[in-house]
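In what follows, a single structure is set out as structure tokens and then discussed.
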Amino acid sequence: MLTLPGKSVLCSQVIYELRSTTSVVAHYVHNYSSSEYTRSGSGQSGRIIRSLISQIVRQRRDLAGFVYNDYLLQGLEATFRILTDLLINLVSADTDTSIVVDGLDECMDKETKKILDLIPGLTNVASGSRCKVMVFSRNIPIIQKSLRNWPLVALREEKQAVDSAISLWLHAKLQDFQTEHDDLIITQTEMQEIERQITAKADGVFASCRYFTTSLTLAIGMFLWVRLLLSTLEHVHSAYEFQQAVQSLPPGLEEA
């Protein structure tokens, strides 16, 4: 399980990397619109499993016959128990399957528990499964309790590593920005200072800088804040506009 601010940014990169090294990759990103779609949370777990099944069959089309003969022709109703049984059988048929679920903490507790209870069956080597499951989530009690014996990466506790990752990512993005906006007059020294200040502010730390004249409290998701900031710079064409774009970013993700 991975718990951290800006987890969805890293989740998307993990999925991208897995697709180049793993034969079957199924993922589900849950969000608030998903909850609305399923009428205040009812059936969220079923929707997650249906999505995973669909992705696996699309990537392993040879399994379509198995699904048709053993489930559809038998007239089995798509209950939660039948869906979980099918999913376990599908991952057991492949020796290299990865499942990634992001935003499980946004489901209702009872729906979250259904998915958490399914994980041991998916990763049970004795049943022939070689499936690897990754959960990207806030560390809420129901998830923490269910996965307490599973490997956990809490990047909130890895501040130095996170700051370094943000700095490298930010540096590459700002280099691209300078290349695309060669008319923007900002020296290399100034850009390095901007990188340092954005990294500090992403961690909720404020330090004085001539590009940040307003003291903001930005104790919010680090990666997501930086991503939002960079998106505001797409149409910037001067140092003044750059300054205004930075200062106009709301001091909270809800407002942004």
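The values are calculated or read from the model by the stated rules, or taken from the named source; none is laboratory data. Computed from a predicted structure; not experimentally measured. Because the Cβ atoms are built from the backbone with ideal geometry, glycine has one as well, and the counts that use them run over all protein chains shown.
A count restricted to the range 48-103 and to residues that are free of Cβ contacts under 8 Å to residues at least 24 places away in the same chain and of a type outside the set (A, V, I, L, M, F, W, C) stands at 16.
Search the range 172-203 for residues being part of a loop (DSSP other than H, G, I, E, B) and surrounded by 16 or more Cβ atoms within 10 Å (Cβ to Cβ), and hand back the single one that is modelled with the lowest pLDDT.
Of the residues in the range 172-203, the ones part of a loop (DSSP other than H, G, I, E, B) are 181-187, 203.
Next, only the ones that are surrounded by 16 or more Cβ atoms within 10 Å (Cβ to Cβ) stay: 181, 184, 186, 203.
Working: 181: 72, 184: 69, 186: 71, 203: 58.
Taking the candidates together, the pick is 203.
Scanning the range 164-177 turns up at least one residue that is of a type in the set (D, E, K, R), within 21 Å of residue 15 (Cα to Cα) and not assigned by TED's automatic domain parsing to the domain that holds residue 29.
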